[in-house]
Every structure is written in C-alpha cells, then in structure tokens.
Amino acid sequence: MGECGGDEADRERVDDVQGLDLADVDLNQDDLRDAEEDEQEREARKRTRQLGSDGQNEQHHSDQAQDEAERAVGVVGGRPEHAEAGEEELDDHADQVDHGKAVENHPSLRHVSTLRDPQDAATLSSSSMAVATRREYGLFIDGATAEPAGGEIRELVEPATGKPLAQAAMAGTDDVDRAVSAARAALEGEWGKTPPNERSRLLHALADAIVANRKELVELETRNVGKAVSSTKPEVFVAAESFRYMASAIGSIEGGTRPIGGSILSYTLKEPVGVAAQIVPWNYPIMLAGWKLAPALAAGCTVVLKPDPATPLTALRLAELAVEVGIPAGVVNIVPGDGPTTGAHLVSHTGVDKVSFTGSTATGSEIMRLCADAVKRVSLELGGKSPSLVFADADLEDAVASTAYGIYYSAGQSCEARSRLLVEQSVYDDVVQLVTDKAGAVKVGDPLDPETHMGSLISERHREKVHGLVETGRGEGAEVVTGGEPPAGDGAFYPPTVLAGVESGQTVAQEEIFGPVLAVIPFEDEKDAIRIANDVRYGLMATVWTGDPARGHRLARRIKSGTFTINLPYGAFPGIPFGGYKQSGFGREQALETLQMYLETKAVLLSTGARPTNPWSL
Ligand code: NAD
C-alpha cells in the first residue's frame with residue numbers, strides 16, 4: 001500500500017484527532033492491557049495457527065488452554081509496570097471525568113463500565129497508521145488484502161472538504177465468489193471446530209484491538225463519512241462493545257431437553273447457520289459492521305461483509321484487526337462494491353446461507369426478493385420516519401434539547417432519527433421557537449474539531465436530495481423556520497433545518513429525508529398523537545416526552561415501533577433488541593434475538609426403549 005504524507009492542513013487535522021482526549025469515558029483499570037505484550041501474544045498465536053499439522057494444532061490447543069488458565073489467574077494481560085504508571089494518570093483523570101458529559105454523544109456509553117483508554121497514541125501498534133499516511137485500500141479476502149479481479153480502484157472523497165481521501169479497490173462478482181469460497185472453507189475448517197469459549201475470547205480480543213486502535217479508526221471514520229468526531233468516537237466504542245456483548249452472550253446459548261414421554265429422549269442443538277452475507281450502508285460503517293459481525297462470529301458463522309462503496313475504510317481495518325487477534329483467515333471477508341451488481345451477486349450466491357441487511361426499505365425489498373428463490377434466512381434493518389411526541393405536561397426545555405439531538409445527531413443521517421416532532425397544540429408555538437433556538441445552537445463545521453456537533457453530509461449528491469425534499473416541503477406549504485439553504489463553500493454541509501406547520505400527509509412528514517431536517521406537526525390530544533405517530537409506513541423508533549409516566553406506558557403499547565423511549569432520546573444499546581415494525585424491517589440487532597438469527601435449532605431424538613421400534617410390526 002502506498003504512502004503519502006498528506007498536506008499541511010491534513011496533518012493539522014490529523015493532529016487534532018490524535019490529541020483528542022479519548023479517555024473521557026468510564027475507566028476500568030482492571031482491564032488495562034499492555035498493547036505491546038498483547039501484540040506479541042497475538043503474533044505468537046498467529047504463528048502457532050499457521051503451523052497447520054495435527055500435532056501442531058494440538059500444540060496450539062494446549063497453548064491456548066495454558067493461556068486461558070493464565071488469564072484466569074491474571075498472568076496473561078496482567079498489568080505491566082508501565083501500565084501501573086499509566087494507571088495513576090487514569091486515576092487522576094477518572095477523578096475529573098464528568099461522566100454525564102463524556103457520554104452525552106452516545107447513549108451506549110452511559111451504562112458501559114468497561115470502556116477504557118489502555119494506551120496513548122505513542123503506544124499504538126505499529127500496524128495502525130493514520131489515514132494521512134495510507135491512501136490505498138484493497139479488498140480483504142481469506143485473511144489478507146486482495147487485489148480486485150477486475151482491477152477497479154475508486155477514488156474516495158472526503159465529504160467535508162471535497163478533496164481526495166484514499167483509493168479503494170472495488171469487488172466484482174469474481175471477488176465475491178472468492179470471498180464466499182474462503183468463508184465456506186473457514187466454516188468447514190478450523191473455525192467450525194472452535195468452541196464457544198474460544199470464540200468468546202477472540203471477540204473480546206477484537207474488542208480490545210478496536211479500543212487500542214481507536215484513534216486511527218475514529219480518524220478514518222470521520223474523514224470517510226464526514227460526520228463529527230464527537231459522533232464517530234462513541235461509535236467506534238460501540239463497535240467494540242458489540243463484540244464484548246456477543247462474546248458474553250454466546251455463553252447463554254443452550255439447547256434443551258423436552259420430556260415428551262414414552263421411550264424417547266430428545267434434545268436440541270444450536271448450530272451456526274453457515275456463511276452469512278452482511279450488507280451495510282454508509283451512515284455508520286464501523287458501528288454497523290460491529291453490530292453485524294459480532295453475533296455472526298459469536299454463533300460460529302463466517303462472514304462476507306459488503307460495505308457501501310463510498311465508506312469501506314473502517315470495515316477493512318476491522319478485518320485486519322480480526323486476523324491480528326487470531327481469528328482465522330476466511331472467517332471475516334470484506335468486499336466493498338456497488339449494490340445492484342456486487343451486492344446482489346453476494347445475496348444471491350448459492351454459497352450464502354443467511355443474509356443480514358441494513359439500508360433503505362427499497363433495497364431491503366429487493367433483497368427479500370433475491371433471497372426468496374433459495375429460501376435464504378434474511379433479516380432487514382431498514383428506514384424510518386420516527387416521531388418525538390411532546391405533550392404540554394413535559395419538561396419542554398429538556399424535551400426540545402433532546403429532540404434537537406435526536407434529529408441532528410449524525411446530521412440526521414440516522415435510521416432512527418426522530419425526524420417528525422409531534423407537539424400538543426397548546427404548546428406548539430413555544431416548542432417551535434425553542435427548537436429553532438436549539439437548532440441555532442448546534443455547532444456545524446469541521447468534523448475533526450472535537451467541539452463540532454454536526455459535520456457534513458455524506459456527499460454533494462446526497463445534499464441535493466436533502467435540499468430537494470426541503471424544497472418539496474416548502475412547495476407543499478411547510479414554513480422553513482430556520483436552515484433550508486445549503487451554505488456556500490467546500491464540503492457537503494447542510495444547516496440544521498426546522499419545518500413548521502407540517503401536516504401528516506405531506507411528503508416531508510412521510511419520506512425519509514436522511515438529513516438534518518425536522519418536520520413539526522401539531523396534534524390535538526393523545527388519540528390524535530397516536531394516530532399521527534402511526535400514520536407512516538415505517539416503525540423503527542418513537543420517543544414520548546411527558547410528565548405523566550402512565551401516559552408514557554400507555555403510548556408504548558399503542559405506537560407501532562421496534563423501540564419506544566419515554567423522556568429519553570437514546571434507544572440503541574448492546575443488549576437491547578433494535579429493529580423495526582412495518583416497513584422498517586424485521587429481525588433484531590444487538591441482542592440475544594440477534595444471536596438466535598445466526599443459529600439453527602436441531603432436534604435430536606433417540607429411542608431408549610428396551611425393544612427395537614417396529615411401527616408396522618414388519
Ligand atoms: P441503500 O439501501 O441504498 O444501501 C445500503 C447498502 O445496500 C449499500 O451497501 C449498498 O451498496 C447496498 N445495496 C444497494 N442495492 C443493493 C442490491 N440490489 N443488492 C444488494 N445490496 C445492495 O441505503 P443507503 O442509502 O446507503 O443507507 C441509508 C438507509 O439505511 C436509510 O434508509 C436508513 O434508514 C437505513 N439504515 C437503517 C438502519 C437500521 O438499523 N434500521 C441503520 C442504518 C441505516
């Protein structure tokens with residue numbers, strides 16, 4: 001891969017990221033690891049794995065058993081001297097941490113006590129290079145970077161500057177075939193025999209590697225997607241936490257016996273579904289890769305993951321880290337490429353057993369069709385047009401501040417963005433004024449500036465789409481109270497926008513705009529609020545703001561959404577099922593339900609009778 005120093009401005013922006021205080025999360029010193037020791041350990045494990053013969057595999061397993069025994073008594077991964085020195089710093093820092101502030105950008109950090117800052121930039125692994133020094137990315141197949149068979153290399157552009165960022169290889173159908181073969185071979189090889197506790201250990205190791213390489217990953221994601229570092233930083237941690245959650249959850253998977261009577265013993269086995277094709281969009285590349293890969297690997301499946309062609313960088317790096325921590329070659333394969341060609345070929349491939357898709361409802365519907373012929377297992381996480389409902393008895397200040405977060409986080413490019421604000425008529429004008437003020441307070445700018453709330457949109461083309469829908473809203477009678485015009489200058493920026501006087505039937509109240517645009521709709525009473533909330537084809541998430549908890553619970557049962565929150569803007573946490581009602585899809589991410597989607601249930605029955613079974617007395 002080529003090297004390039006990047007220009008001066010680039011370098012400054014990179015330094016900004018390197019200088020970020022990523023330790024402002026909950027610190028758990030017990031989990032501190034020395035990166036170099038970990039790396040040496042991984043290298044040793046990799047070498048052992050590469051040996052290959054039966055006897056050598058036995059050696060690997062006994063090493064592994066010893067590793068685990070040592071780990072249990074705290075030898076491997078124990079705190080080396082210089083980690084203890086670091087620990088003091090962390091202790092000092094921990095005293096100063098304002099946890100509420102540290103996690104305000106992502107809910108998943110709020111309850112996570114294992115996030116840590118095990119090393120600073122100086123001790124990052126040598127393989128982790130800033131994007132400014134690495135400009136070319138291949139495919140990732142069978143444990144290594146691979147050239148695309150068709151030779152297609154695409155220039156990626158940094159959305160916030162419009163400048164070239166990196167060159168990325170694009171997979172064609174031949175590459176997909178290669179990746180699926182590698183995934184199949186891994187499933188039938190070493191990985192297929194790996195016991196759950198070993199998979200769990202590897203997933204924890206991958207989570208550690210993500211945290212250890214977080215600065216590079218945050219920078220890659222920020223520059224590739226254009227969203228603020230205040231968003232991408234927690235998203236990288238959530239990816240790590242997804243692996244941790246599934247590493248633990250795999251221990252809870254069990255079969256069972258069913259006492260059906262007679263002389264029959266029955267029990268169930270849980271087995272991996274097989275090779276999983278996973279397709280993710282551009283808005284949360286690493287977080288969704290974590291959401292997808294973690295349950296699949298925990299279940300013992302192998303994966304071919306297709307990122308969006310515009311945002312493949314962090315998924316590619318994640319696959320490298322997977323191999324570095326000892327996950328065998330072929331278990332994780334990454335094939336960036338176009339949807340209708342590369343993606344469709346992957347979904348239809350006869351070597352694929354299960355498809356997990358996150359993206360638009362239109363594509364989800366097409367994917368369902370592609371899966372139908374072979375009766376493939378499929379789960380779909382699709383679009384949304386989620387409401388925030390504000391009742392007059394709510395704490396309006398809190399409700400509106402959180403509503404602004406709920407739509408403008410990730411510049412509105414979130415499936416669960418609460419893009420409709422339903423407000424009780426008696427406080428409608430006050431809320432419109434308040435939300436307009438809050439929109440004005442959102443800091444839009446350089447995504448690499450830690451103070452920025454909202455970076456750019458993904459591309460100029462997407463900005464045109466967003467603006468086109470705002471214009472449609474204007475044409476249909478909505479009032480643009482603030483925002484609504486793309487700013488001059490470089491980058492695909494769009495301002496936080498509020499549309500007031502919107503009616504539920506209008507385009508801006510029905511279509512997923514996928515930008516920082518909030519449609520404010522009045523309602524008369526609770527019944528009217530429920531009617532409007534359900535008056536869309538989507539059902540991903542809903543949030544109610546009220547001073548009456550009973551009302552919150554009443555609405556939870558009346559509004560059709562996969563996630564429902566009361567006086568809380570956050571809904572996606574590792575461990576909590578996330579997914580849609582209606583055209584927002586089916587299947588759930590992030591939870592035990594997800595793990596089950598990657599497992600088949602096999603019933604085993606055995607005769608315990610004294611005499612042979614001979615139903616027809618033949
Ligand atoms: P998209 O459907 O256009 O693309 C998503 C992915 O599917 C990309 O990797 C794309 O290359 C691929 N793809 C496109 N056509 C395909 C085909 N025919 N066969 C196989 N793959 C194909 O969506 P997008 O615009 O990139 O992403 C935004 C959408 O994703 C929004 O609708 C958003 O709500 C949704 N989303 C949903 C969730 C969720 O969890 N529900 C999370 C994030 C994003």
Determine, yes or no, whether residue 519 is surrounded by 23 or more Cβ atoms within 10 Å (Cβ to Cβ), outside the structural domain of residue 359 (by TED's automatic domain parsing) and farther than 26 Å from residue 222 by Cα.
-> yes
Leading residue by the ranking (farthest from the chain's Cα centre (by Cα)) among those in region 153-201 that are of a type in the set (D, E, K, R), over 24 Å from residue 297 (Cα atoms) and crowded, with 16+ Cβ neighbours inside 10 Å = 154
Pick from region 225-254 the residues that are of a type outside the set (A, V, I, L, M) and modelled with pLDDT under 95: which of them is farthest from residue 491 (Cα to Cα)?
-> 254
Got a sec? Which of 406, 440, 359, 445 is away from the ligand (no atom under 11 Å from the Cβ) and crowded, with 24+ Cβ neighbours inside 10 Å?
-> 406
Since residue 500 meets every condition but one in (1) over 30 Å from residue 157 (Cα atoms); (2) surrounded by fewer than 19 Cβ atoms within 10 Å (Cβ to Cβ), which condition does it not meet?
-> (2)
Restricting the search to region 322-356, which residues are away from the ligand (no atom under 15 Å from the Cβ) and of a type in the set (A, V, I, L, M, F, W, C)?
-> 322, 323, 325, 327, 329, 331, 332
For region 217-321, which strands (runs of 3 or more DSSP E) that fit wholly inside it have 1 or more residues that are within 15 Å of the chain's Cα centre (by Cα) and within 16 Å of the ligand (Cβ to nearest atom)?
-> 275-279, 302-306
For region 547-578, what are the residues that are hydrophobic (A, V, I, L, M, F, W, C), within 17 Å of residue 402 (Cβ to Cβ) and touching a residue at least 40 places away in the same chain (Cβ under 8 Å)?
-> 555, 568, 572, 573
Is it the case that residue 487 is surrounded by fewer than 17 Cβ atoms within 10 Å (Cβ to Cβ), closer than 25 Å to residue 453 by Cα and out of contact with any His (no Cβ under 7 Å at 6 or more places or on another chain)?
-> yes
Checked 276, 239, 249 against criteria (of a type in the set (Gly, Ala, Ser) and more than 25 Å from residue 337 (Cα to Cα)); the one match is 249
What pairs come up if the first residue lies in region 381-410 and is without any contact (Cβ under 8 Å) to a residue 40 or more places away in the chain, the second is in a helix (DSSP H, G or I) and among the polar types (S, T, N, Q), and their beta carbons are under 9 Å apart, counting only those six or more places apart or on different chains?
-> 392/425; 392/426
Selected residue (criterion: nearest to the ligand (Cβ to nearest atom)) from residues of region 364-403 that are more than 27 Å from residue 234 (Cβ to Cβ) and among the β-branched types (Val, Ile, Thr) = 367
Enumerate the pairs (first residue in region 345-356 and of a type in the set (S, T, N, Q); second residue anywhere and within 11 Å of the ligand (Cβ to nearest atom)) with beta-carbon separation below 6 Å, excluding pairs fewer than 6 apart on the same chain, so at least 6 apart or on different chains.
-> 348/370; 356/278; 356/292; 356/379
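Let's see how each residue does on (1) touching a residue at least 24 places away in the same chain (Cβ under 8 Å); (2) surrounded by fewer than 21 Cβ atoms within 10 Å (Cβ to Cβ):
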residue: 580; (1), (2): yes, no
residue: 592; (1), (2): yes, yes
residue: 612; (1), (2): no, yes
residue: 617; (1), (2): no, yes
Can you tell which of 377, 369 is out of contact with any strand residue (DSSP E or B) (no Cβ under 9 Å at 6 or more places or on another chain), basic (Lys, Arg), at pLDDT 95 or above and surrounded by fewer than 23 Cβ atoms within 10 Å (Cβ to Cβ)?
-> 369
If we scan region 228-240, do we find a residue that is buried (at least 21 other Cβ atoms within 10 Å of the Cβ) and of a type in the set (Phe, Trp, Tyr)?
-> yes
In region 167-174, is there at least one residue being part of a loop (DSSP other than H, G, I, E, B), of a type in the set (A, V, I, L, M, F, W, C), modelled with pLDDT of 95 or more and closer than 26 Å to residue 355 by Cβ?
-> yes
Of the residues that make up region 548-563, is at least one more than 16 Å from the ligand (Cβ to nearest atom), in a loop (DSSP other than H, G, I, E, B) and in contact with an Asp or Glu (Cβ under 8 Å, 6 or more places away or on another chain)?
-> yes
Specify the residue that is nearest to the ligand (Cβ to nearest atom); the eligible residues are those in region 409-425 that are over 28 Å from residue 445 (Cβ atoms) and touching a helix residue (DSSP H, G or I) at 6+ places or on another chain (Cβ under 8 Å).
-> 422
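The values are calculated or read from the model by the stated rules, or taken from the named source; none is laboratory data. Bear in mind the structure is a predicted one, so any value in this text is a computation, not a measurement. Neighbour counts run over all protein chains shown; Cβ positions are idealised from the backbone, glycine included.
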